[in-house]
1. Within segment B:274-312, restricting attention to residues that are of a type in the set (A, V, I, L, M) and within 14 Å of chain A (Cβ to nearest Cβ), which residue is farthest from A:Ser140 (Cα to Cα)?
2. Quick one: in segment B:287-321, of everything that is open to solvent by less than 10 Å² (accessible area, probe 1.4 Å) and among the β-branched types (Val, Ile, Thr), which residue is modelled with the lowest pLDDT?
3. Among the listed residues B:Val281, B:Val310, identify the single one that is assigned to a helix (DSSP H, G or I) and farther than 30 Å from B:Ser119 by Cβ.
4. All but one of (1) out of contact with any Gly (no Cβ under 7 Å at 6 or more places or on another chain); (2) farther than 24 Å from A:Leu246 by Cα hold for A:Leu55, so report the exception by its number.
5. For segment B:247-278, which residues satisfy the criterion of being open to solvent by 10 Å² or more (accessible area, probe 1.4 Å) and not in a helix (DSSP H, G or I)?
6. Within segment A:118-141, restricting attention to residues that are within 10 Å of another protein chain (Cβ to nearest Cβ) and assigned to a helix (DSSP H, G or I), which residue is nearest to A:Val194 (Cα to Cα)?
7. Considering only residues that are of a type outside the set (Lys, Arg), assigned to a strand (DSSP E or B) and more than 20 Å from the chain's Cα centre (by Cα), which ones fall in segment A:201-249?
Amino acid sequence: MKTLACRNLGVQRGAALLLDGVNADFLPERISVILGQNGAGKSTLLQALAKNQALSAGEILWHGQPLVQWSWSDLAKMRALVEQQTPLPFAFSVRQLVSLGLEVQRAEMGPSGPLLPAAFQGYLQEILRVCDLLALSERSVLTLSGGELKRAHLARALAQIWPLDASGQFHGKWLLLDEWNVALDVHHQQCFAVLLRQWCAQGLGVIMVLHDLPLAMQLADEVLLLKQGRVLAQGTAAEIWQPLLLQEALQTRLEAFTHADGSTLFLPKL
Amino acid sequence: MVSTRNERRAFKCDPFMSVSILSHKWRLALLGISLVSVSFAHLFLSNTAWDWATLGSPERWQHHAFILWEFRLPRWLLAMTVGAGLAVAGVALQALFRNPLAEPGLVGVASSSAFGAVSIMVLGAWWWQEVSWWQIGGAAFVFGLLMTGFIYRLATRHGQTDVALMLLAGVAINALMGAGTQLLLSVADLVQLRSVTFWLMGSLANHGWTPVLAVSGVMVLATLGLWRLVQHMNAFVLGDNIARSMGYPSQGFKAQVMILSALMVSSAVALVGVIGFVGLVVPHLVRLWVGVDHRLVLPLSAIGGALLLVSADWLARTLLYPLELPIGLLMALVGAPFFLIMLLKQRGRWQT
């Protein structure tokens, strides 16, 4: 089974324990949401999964093998990362930025050997279209608004793992997202959420850090609750969406709204 | 999948596939033609111009050939390679600092190299009878490399460069190294004082073939070394974490960029003194022209730097004939206002 497993993970920075004894499993074809307060270690865990964070204890098993044994170039073709904020000092055009992501896959392209320039442009165009960036494709990233830049980064990450074989499946690919919805307008949040669902059905594993509780409840298949660097709870959405547990994890009072079809949403109580 | 034979060929000759310098034929042609014509002017036109009418007589021809071979040709080659090298070092440092304002002169690498060179010129006399050019170059390299690492440490934290800190640290280091150089000059004897002062003014003239070829070799090799890293530079400027997640770990990359750019700057400084702003002006103009993709910026900056320094050297030689303007002075006259404009432009971007 191609899962990501954290075994007794510890991360230390200075005297502070950012992560302490974290055990967690992430499944493919699922949207896993990491929830917690500021400083709970959510981003640290995500960066550790991306091999960007040195571990002080424990290990991460990536598809059954220790993460440290995977080469950077192999990992690059299996998972892509979108960070909270990545300021860009150079005036790349949106198209250039996204094609940098697609070029990661240049070595092994297409069903019949390396990808040809025409096919490359075709995939690029397709990714730009999916992320609603066609109108912005020649704009410099320095002139984009925060939400537009975030979409460009999402497209760049997506291009890195975009399926280039005939099946169009995402099996064995992972998308690591740190608050992808921040700065995105509601329309694009909704579009992208629907797309994430769709890609998950095609084999993609998504791990995301979120602060937006309603969105998390709408999207999540699996949930990991972190508190002060430790795992408070992990399980399926149905197991975790309990008002007492959430109030404990997020330190906030919640109000439940029940939908006509019986599903429940929690909103912070003002 | 439909593809023409042309596309197949385009892919084969292009290691990075979707962007190739070779597909920008008219840009290369334009720069090439400019470089050839400026080189022609540099080699053959000046106030002591070729007397084309007398070329038929053998002794005139010999005279011209001597001047060409012993003076103009090494000077032209030096201007080309130093210009290209400084521009490429600028591109590399800008990628390393993730900022288009990083420049060997501004961040203090050049002045540190100069201090290293002067210290071996003055203090080296205590150990050796005569200090040779490669010892000067070695000292310049060590100081240049140390200072690149030091400024990088100082100005960059968690993969983000603090631009203001970088430029201010550059000011402090330039002041410190300038003072150190003056201090060395005050303990130097008269012969050393004369040679160091002459060297500090910087000139591309009167260098023998051996050091010129050595510096050219260093420039060509270092440029090729950095050329291998262009795709890595593209990923690196997106941020440490993003670059790693795209399969480009940054550790070896940083060291290579520091060593190669310090090598280029210090070998240029050791031979011709400090020539500022080439590494700032050329990459900036190239980016305005072709965008920021390093696969285009690096090679075009190399050609552009060669073009700029050959023309500047030609002007320095002919503008105030028979006086010769120091080339460093001429570049500062052009480059400093240019830098101010860039600074104001960035400032405008920060405010909006």
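1. The qualifying residue farthest from A:Ser140 (Cα to Cα) is B:Leu298.
2. B:Val292
3. B:Val310
4. All conditions pass for A:Leu55, except number (1).
5. If the condition is that a residue be open to solvent by 10 Å² or more (accessible area, probe 1.4 Å) and not in a helix (DSSP H, G or I), then B:Gly247, B:Tyr248, B:Pro249, B:Val274, B:Ile275, B:Gly276, B:Phe277 are the ones that fit.
6. Going through the qualifying residues, I end up with A:Leu124.
7. Hit for segment A:201-249 is A:Leu232, nothing else.
The rows are residues; the columns are (1) in contact (Cβ under 8 Å) with a residue 60 or more places away in the chain; (2) in a strand (DSSP E or B); (3) out of contact with any Leu (no Cβ under 9 Å at 6 or more places or on another chain).
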{"site": "A:Leu9", "(1), (2), (3)": "no, yes, no"}
{"site": "A:Ser32", "(1), (2), (3)": "yes, yes, no"}
{"site": "A:Ala40", "(1), (2), (3)": "yes, no, no"}
{"site": "A:Leu46", "(1), (2), (3)": "yes, no, no"}
{"site": "A:Gly58", "(1), (2), (3)": "no, yes, no"}
{"site": "A:Val68", "(1), (2), (3)": "no, no, no"}
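The values are calculated or read from the model by the stated rules, or taken from the named source; none is laboratory data. Not measured: the values here are computed from a predicted model. Don't worry about glycine lacking a Cβ; one is built from the backbone with ideal geometry, like all the others, and counts go over all protein chains shown. Ligands, DNA and RNA are stripped out before the accessible areas are found, and what is left, the full protein with its side chains, is counted by its heavy atoms. Shrake-Rupley method; radii C 1.70, N 1.55, O 1.52, S 1.80 Å.
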